[in-house]
Amino acid sequence: MSSKNRLYDILRAPVVSEKSARTQELYNQYVFEVIQGATKAEVKAAVEQIFSVKVDNVTVVNLKGKNKSFRFQPGRRSDRRKAYVRLADGQSIDLGAKA
C-alpha cells in the first residue's frame, strides 16, 4: 500500500454533531473518526496533506462500544477512535464542500 493511500485510509469520516460544531466555532478544532491503529503523527500528516492546512495539535480519544440488544439477542457496538484536530490561526476546512 502506498503512503498516499494510507493517508486516505487513516481518516474515515468527519464527525458531524452539535458538539463538534461547537468545538469548531470556539477552538478551531475539527473532529474526525480515524482507524484504530492511527497515531497522532499519522493523523496530523493526513489532515495536512489532504486539506492543505497547518495542524497545531492533535488529540486522540478511544470510545468503547456499548452493550446493546439486537432483536432480543445480546450484542455489542464496535469500538471507535476519534481525533480532535486543532488548526493554526487563520486556517479552516470546508467539510460541506462537494468534490
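The values are calculated or read from the model by the stated rules, or taken from the named source; none is laboratory data. Quick caveat, the model's predicted, so the values are computed rather than measured. So basically every Cβ, Gly included, is an ideal-geometry build from the backbone, and we count neighbours across all protein chains shown. Protein only, heavy atoms only, side chains kept; ligands, DNA and RNA dropped before computing areas. Shrake-Rupley method; radii C 1.70, N 1.55, O 1.52, S 1.80 Å.
Only residues that are under 13 Å from the mean Cα position of the chain (by Cα) and not polar (S, T, N, Q): list them for segment 1-20, please.
Scanning segment 1-20 gives Leu7, Tyr8, Asp9, Ile10, Leu11, Arg12, Ala13, Pro14, Val15, Val16.
Taking the listed residues Arg71, Arg80, Arg76, the one that is open to solvent by 80 Å² or more (accessible area, probe 1.4 Å) and under 22 Å from Arg22 (Cβ atoms) is Arg80, with no other qualifying. Applying the criterion of at least 3 residues that are hydrophobic (A, V, I, L, M, F, W, C) and in contact with a strand residue (DSSP E or B) (Cβ under 9 Å, 6 or more places away or on another chain) to the helices (runs of 4 or more DSSP H) found wholly in the chain leaves 40-51. Of the residues making up segment 1-40, those that are touching a residue at least 12 places away in the same chain (Cβ under 8 Å), open to solvent by less than 70 Å² (accessible area, probe 1.4 Å) and among the aliphatic types (A, V, I, L, M) are Leu7, Ile10, Leu11, Ala13, Val15, Val31, Val34, Ile35, Ala38. Listed conditions (1) touching a residue at least 40 places away in the same chain (Cβ under 8 Å); (2) within 22 Å of Asp79 (Cβ to Cβ) are all met by Gln49, apart from (2).
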